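Remarks on the structure that follows.
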Amino acid sequence: MEEIARLYALSQANTSVDHFGAPSTQIGTFNVVEELIGETVRLPGFILPLDAQIAGNITEFLLVPYVGACVHMPPPPPNQIVYVLSDTPVRMERLWEPIWVTGLLTSDQTHSSLGSTAYTLELDGTEPYEY
């Protein structure tokens, strides 16, 4: 839970900084794959929580392509990060375990100190990623 609280505090900060306190700039594009917009998709990735709730439950998070993305600055390009929003809290066991997310994909952009996103996904469900 201490790690989740630290990540939540970072997401609420006004500036992005690296581990040494220096400003970190996200590079890349907001270009999206138009054919996927408005579709229900299934995507793999890692959870980076934006809200910290009791017992590891979260309702909003970034789906990132590798462990520690955004926390280990600079973040990936915006079109490689998906903002995920869930009406039902999702139980987060471990940050380093990959998952599958399924839901409706839009091109709504979001911005936080952890990084900006080119996509938003309204979550229908998650499942463990099997290697």
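Each reported figure results from applying straightforward, stated rules to the coordinates on display, with no laboratory input. Since the model is a prediction, treat every value here as computed from it, not as a measurement. Cβ placement follows ideal geometry from the backbone for every residue including glycine, while neighbour counts extend to all protein chains displayed.
Details
- Take each peptide in 120-127, 53-60, 75-82, count the other Cβ atoms within 10 Å of every residue, and average; sorted highest first, the result is 75-82, 120-127, 53-60.
- Taking every Cα-Cα distance in segment 42-86 and sorting them into 5 Å bins from zero, the calculated P(r) comes out as 5, 23, 30, 24, 13, 4, 0 percent.
- Computed extension length for E93-E39: 16.7 nm, one decimal, from 0.36 nm per residue of separation with the Cα-Cα distance subtracted.
- Spin-label pair E122/T25, simplified geometry with 7 Å Cα→Cβ offset, distance in nm: 3.7 nm
- The amide H of W100, built 1.01 Å from its N in the peptide plane, has E127, Y129 as neighbours under 5 Å, considering only residues 5 or more places off or on other chains.
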